[in-house]
Amino acid sequence: MDKSENRIQTINQITNKHMQLFLEADPSQEIIESYLPRAHKFELVCGKSLLGVILLLDTHPQTVEIVNIAVDENFRNHGLGEDLVNFACDWAKNHNYKTIEIGTGSTSFAQLYLYQKCGFRVVNIDSNFFVDNYSEPIIENKLVLKDMIRLKKVLPYKVQ
């Protein structure tokens, strides 16, 4: 896949395709709609094709969290998720955030690998997060998802 024509840009209008991708990362439309209005919204596109999405949310002073990230299943395993994570880190640094965080399922093995590859470190486990916050069980990698793994990355200081 030639990634030279890919670009990450602000989402101006949420489409059904955006929502489908958001739902791949977070199966609760109700929860998505709770954070979507407050999120910094970005899309990864090539021409007119939507390849991926990422949503960032201010959570603490000088901290932003990746609350949703997804790549279209037809374009996975080409480094696009890594491109989105690296974009988020650069965007956060350029907007004077000191820390970027992300939470993912304890059964999300590929995602855990990706985030650690991008420099995130495990800092906490929210036990029973998915059991307590989702009405339906989530099955991932043939396991019932229960716990959220919280990761963070301290961003390098931006010279002004």
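The values are calculated or read from the model by the stated rules, or taken from the named source; none is laboratory data. Since we're looking at a predicted model, the values are computed, not measured. Neighbour counts run over all protein chains shown; Cβ positions are idealised from the backbone, glycine included. SASA here: full protein model, heavy atoms, side chains in, ligands and nucleic acids out. Shrake-Rupley method; radii C 1.70, N 1.55, O 1.52, S 1.80 Å.
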Query - Those lysines that a straight Cα-Cα span of less than 23 Å connects to residue 93, excepting residues fewer than 8 apart in one chain - result: 41, 117, 152, 153, 158
Requested in this report: Leaving out ligands and nucleic acids, note down the accessible area per residue over the stretch 68-154 with a 1.4 angstrom probe, in whole Å².
Outcome: 57
Query - Charge dipole magnitude, Cβ of K and R +1, D and E -1 - the chain, Cα centre, debye nearest 20 - result: 580
Report summary line: Taking a crude spin-label model, label points 7 Å out from Cα along the C-beta direction, the residue 30 to residue 136 distance in nm is 1.3
Query raised in the report: Share of Cα-Cα pairs in the chain beyond 20 Å, in percent?
Result: 50
Report task. Would you tally the net charge around residue 82, using a Cβ to Cβ cut-off of less than 12 Å, leaving residue 82 out, and scoring K and R as +1, D and E as -1? Result -> +2
Report task. Please identify the helices of the chain, taking whole runs of DSSP H, that span at least 20 Å along their own axis as judged from the Cα atoms and have a mean Kyte-Doolittle score of -1.0 or higher. Result -> 80-94
Query raised in the report: What are the trypsin sites (Lys or Arg not before Pro) within the stretch 26-72 that DSSP puts in a loop, where the Cβ has at most 12 other Cβ atoms within 10 Å?
Result: 48
Query raised in the report: Of the chymotrypsin sites (Phe, Trp or Tyr not before Pro) in the stretch 94-160, which ones lie in a loop per DSSP and count no more than 11 other C-beta atoms within 10 Å?
Result: 157
Report summary line: If each part is reduced to its alpha-carbon centroid, the stretch 118-139 and the stretch 9-54 end up apart, in Å, by 20
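So if the hydrodynamic radius of the stretch 1-84 is defined as the Kirkwood radius over C-alpha pairs, what does Stokes-Einstein give as its diffusion coefficient at 10 °C and 1.306 mPa s, in µm² per second?
My calculation gives 121 µm²/s for D.
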Query raised in the report: Taking the stretch 54-160, which trypsin sites (Lys or Arg not before Pro) meet the DSSP loop condition and have no more than 13 other C-beta atoms within 10 Å?
Result: 142, 158
Query - Surface accessible to a 1.4 Å probe, per residue, for the residues of the stretch 1-53, Å² - result: 60
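For the chain, with all protein chains present and a 1.4 Å probe, just round the carbon and sulfur fraction of the accessible area to a whole percent.
Carbon plus sulfur share of accessible area: 47 percent.
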Query - List 60, 40, ordered by accessible area with a 1.4 Å probe, largest first - result: 60, 40
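May I ask you to derive the relative contact order of the stretch 37-147, considering only C-alpha pairs under 8 Å and at least 6 residues apart, and to give it as an integer percent?
That works out to 18 percent.
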Report summary line: With Cα springs under 10 Å, the Gaussian network model of the chain assigns the largest mean-square fluctuation among 94, 141, 124 to 141
